[in-house]
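Here's the structure, in structure tokens; my notes come after.
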Amino acid sequence: MFTSLRRVAGVVMVTGVVAIATSPSAVAHIDAKLDGAGPGGFGVITLGVPTEAGKPATTKVEVRIPDETPMRTVRPQPVAGWNVDVVKRKIDPPLYKDDGTPVTEVVGSVIWTATGPGIPTGQFGQFALYAGPLPDADTLTLPTTQTFSDGTTEAWTEPASSGEKPKFPVPAATIAKPASSVLPIVAWSALGLSGVALALAVLGIDRASRRSAVAAPAEAEPLTPSAASQ
């Protein structure tokens with residue numbers, strides 16, 4: 001009986017492992033992280049690109065800047081063992097530099113191509129972009145195509161939805177929002193109330209001083225002779 005139970009347990013465990021390994025959530029996703037910027041600012045976007053176990057080496061990574069969120073500046077970081085190419089595109093209407101100069105051409109995509117073995121199976125690589133001004137949005141999506149040494153590709157372009165998790169979700173970097181201004185408002189309000197309280201206190205002291213000054217001569221007035229003889 002115990003032998004049969006052990007066999008059943010073994011089958012259940014193997015089935016669970018296979019289900020986890022083959023489920024979309026177990027796929028090693030490409031992710032994106034933004035450091036040092038908010039809307040309208042400049043920051044470094046780092047993409048983590050893993051080569052999932054069982055896959056051939058990653059030899060090419062192409063990151064696309066969406067047409068709806070063009071950025072005036074996109075500069076890729078060089079990676080040892082990889083060539084980098086920048087593909088530009090025309091835009092209309094143009095963007096503008098701080099001095100008012102129009103910008104009619106922006107980076108449409110950045111492509112890193114391995115000159116050696118690439119990213120071996122079970123490992124990952126990092127690819128960074130310095131970019132901005134960032135859009136006024138919660139996230140910046142960066143559709144990415146991953147190419148393997150056998151010529152196959154995976155397109156990480158599926159948007160997140162309220163339903164099932166996509167198998168190949170588009171990398172999305174969170175754009176930090178400015179800190180809330182509630183605290184400075186509270187601080188200035190408290191300072192203003194303190195000033196009002198101080199002014200009222202000074203006014204009260206001044207009035208009390210005046211009343212004392214008026215009452216003092218009356219209390220110190222000498223008696224008249226007739227009053228003294230009585």
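Structural remarks
- Heavy-atom accessible surface of the stretch 38-118: percent carbon and sulfur, 1.4 Å: 50 percent
- Rolling a 1.4 Å probe across all protein chains gives ASP98 an accessible area of roughly 150 Å².
- Most to least packed among 58-65, 84-91 [average Cβ atoms within 10 Å]: 58-65, 84-91
- Members of LYS88/LYS177; LYS55/LYS167; LYS60/LYS167 lying beyond 23 Å, as alpha-carbon distances in this model show: LYS88/LYS177
- Å² per residue, accessible surface of the stretch 72-170 at 1.4 Å: 58 Å²
- Approximate spin-label separation LYS33-GLN123, in nm, with each point projected 7 Å along Cα-to-Cβ: 2.0 nm
- Pairs of Cα atoms nearer than 8 Å and 6+ residues apart set the relative contact order; for the stretch 35-185 it is 34 percent.
- For THR121, residues with placed amide H under 5 Å, excluding near neighbours: ALA57
The values are calculated or read from the model by the stated rules, or taken from the named source; none is laboratory data. Since we're looking at a predicted model, the values are computed, not measured. Please note: Cβ atoms are built from the backbone with ideal geometry, for glycine as well, and neighbour counts cover all protein chains shown. What goes into the accessible areas is simple: the full protein's heavy atoms, side chains included, and nothing from ligands, DNA or RNA. Shrake-Rupley method; radii C 1.70, N 1.55, O 1.52, S 1.80 Å.
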